[in-house]
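A short write-up of the structure that comes next.
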Amino acid sequence: MAFGAEEIFVEPVNPRASGLRLTQEALLQDGFVREAESVEKIRSWQAWSDYCARLMGTVQQVMAEKRLLEKLRFLLYPGRLTDSDLQRIRANDAGVKWLGN
């Protein structure tokens, strides 16, 4: 189904904001322990960095398969990425919009 989007924006979740903590608590409250543990993992900076690199790769792959890679705008602050994840993303940063300094 085509919607004619000119740009498609993607941004990784912010591990510092309360959203992940609240999501984790809600999942635990409803008995989704494994899911809550997955959310908890990306609340640490090192795991968040890996999550960003994996998310970027997945989004790029899907966008390329749909022939929409040129429309991707993946918003990313590099400051909290580990050196290895930063290098991994910079090696193929199609669609990345680097934010900050």
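Find the residue count for segment 17-43, including only residues that are closer than 17 Å to Arg80 by Cα and loosely packed, with under 12 Cβ neighbours inside 10 Å.
Residues meeting the conditions: 1.
So is Gly95 of a type in the set (Gly, Ala, Ser) and surrounded by 15 or more Cβ atoms within 10 Å (Cβ to Cβ) or not?
Yes: the conditions hold for Gly95.
Tell me yes or no: at least one residue of segment 88-98 is in contact with a Leu (Cβ under 9 Å, 6 or more places away or on another chain), at pLDDT 90 or above and of a type in the set (Gly, Ala, Ser).
yes
If you scan segment 71-86, which residues turn out to be among the charged types (D, E, K, R) and without any contact (Cβ under 8 Å) to a residue 24 or more places away in the chain?
Asp83
Give me the residue from segment 60-79 that is assigned to a helix (DSSP H, G or I) and crowded, with 18+ Cβ neighbours inside 10 Å and, out of that set, farthest from the chain's Cα centre (by Cα).
Residue satisfying both the conditions and the ranking: Met63.
Could you list, ordered by first residue, the pairs with Cβ atoms under 7 Å in which the first is in segment 18-38 and free of Cβ contacts under 8 Å to residues at least 12 places away in the same chain and closer than 15 Å to Trp48 by Cα and the second is of a type in the set (Phe, Trp, Tyr) and exposed (fewer than 11 other Cβ atoms within 10 Å of the Cβ), at least 6 apart or interchain?
none
Determine which single condition Val10 fails, assuming it passes every other condition in (1) more than 27 Å from Leu86 (Cα to Cα); (2) surrounded by 10 or more Cβ atoms within 10 Å (Cβ to Cβ).
Exception for Val10: condition (1).
Would you please list the contacts, defined by Cβ atoms under 6 Å and residues six or more apart or on different chains, that run from a residue in segment 39-62 that is within 16 Å of Ala91 (Cβ to Cβ) and modelled with pLDDT of 95 or more to a residue that is buried (at least 17 other Cβ atoms within 10 Å of the Cβ) and β-branched (Val, Ile, Thr)?
From segment 39-62, the pairs are Ala53/Ile89; Met56/Ile89; Val59/Val10.
Is at least one residue of segment 7-19 in a helix (DSSP H, G or I) and not hydrophobic (A, V, I, L, M, F, W, C)?
yes
The values are calculated or read from the model by the stated rules, or taken from the named source; none is laboratory data. A quick note: this is a predicted structure, and the numbers were derived from the prediction, not measured. All Cβ positions, even for glycine, are placed from backbone atoms using ideal geometry, and neighbour counts span all protein chains on display.
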